[in-house]
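Remarks on the structure that follows.
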Amino acid sequence: MTAPFVVAFVPGVTPGKWERIWRERMPRSPLELRALPPDGALASVHASEAHMAFVRDVTADDALHVIPLYRERAVVVAPKDHPVAAFDELTLADLASETLLPGQGTGTVELVAAGVGLALMPMSVARAHSRRDVVARPVSDAPDTGIGLAWLRTADDPRVDTFIGIVRGRTPNSSR
């Protein structure tokens, strides 16, 4: 059996659609998806532990190809009973007097739920860490983040091109 084709991804990215298409088109080539922290996904590509990775806010360079895929809005995460919950959308100025916590993980959301402060994060990350005791509201003027697909320029595995085609929406009969 062929060694698995490994694709890492950062929190908030949901690669299920691409995994399903891969399994339909490449039944003899197993796909392994690895959920990793933001710094871990890119590091796994550089260490050749993953063939490719869905990353956030990474640009191409001499060692790395990156295909920009989409942008996502920032949200503020607040306790459910916080005044922020009454708004449909906020600005950074609306949050100027609030304590903004660093981080975007489960621990940060737990601190938000405990009333320690608020947190800014990409919308998909907030959804991934959603809880009943917190709310997320868009912040119209906060910087958005970009999701991209990254791989080493030295990659010579033909499955890389296959996965790129799947992510870009090519059909099995499409040509580059």
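The values are calculated or read from the model by the stated rules, or taken from the named source; none is laboratory data. Keep in mind the model is a prediction, meaning the values are calculated, not measured. Heads up, the Cβs are rebuilt from the backbone with ideal geometry, glycines too, and the neighbour counts pull from every protein chain shown. Accessible surface is based on the protein model in full, side chains and every heavy atom, while ligands, DNA and RNA are left aside. Shrake-Rupley method; radii C 1.70, N 1.55, O 1.52, S 1.80 Å.
Annotations
- Taking amide hydrogens as placed 1.01 Å from N in the peptide plane, the amide H of L118 sits under 5 Å from those of T99, L100, L101, each at least 5 positions away in sequence or on another chain.
- With the highest mean first, a sort of the peptides 11-18, 121-128, 165-172 on other beta-carbon atoms found within 10 angstrom per residue produces 121-128, 11-18, 165-172.
- Evaluated at q = 0.17, 0.28 Å⁻¹, a Debye calculation over the C-alpha positions of the range 112-176 (equal weights, vacuum) places log10 I(q)/I(0) at -0.77, -1.28.
- Percent carbon-and-sulfur accessible area, the chain, ignoring ligands, DNA and RNA, probe 1.4 Å: 52
- Student exercise, the range 60-176 dipole from Lys, Arg, Asp, Glu Cβ charges, in Debye to nearest 20: 480
- Computed [θ] at 222 nm, helices only, for the chain once each DSSP H run of length n ≥ 4 contributes -39500 (n - 2.57): -7000 deg cm²/dmol
- Å² of accessible area per residue within the chain, as computed with a 1.4 Å probe and no ligands counted: 55
- Computed from the Cα positions only, the extents of the range 73-130 along the three principal axes stand at 25, 23, 19 Å, in decreasing order.
- Compactness of the chain as Cα Rg over 2.2 N^0.38 Å, two decimals: 1.18
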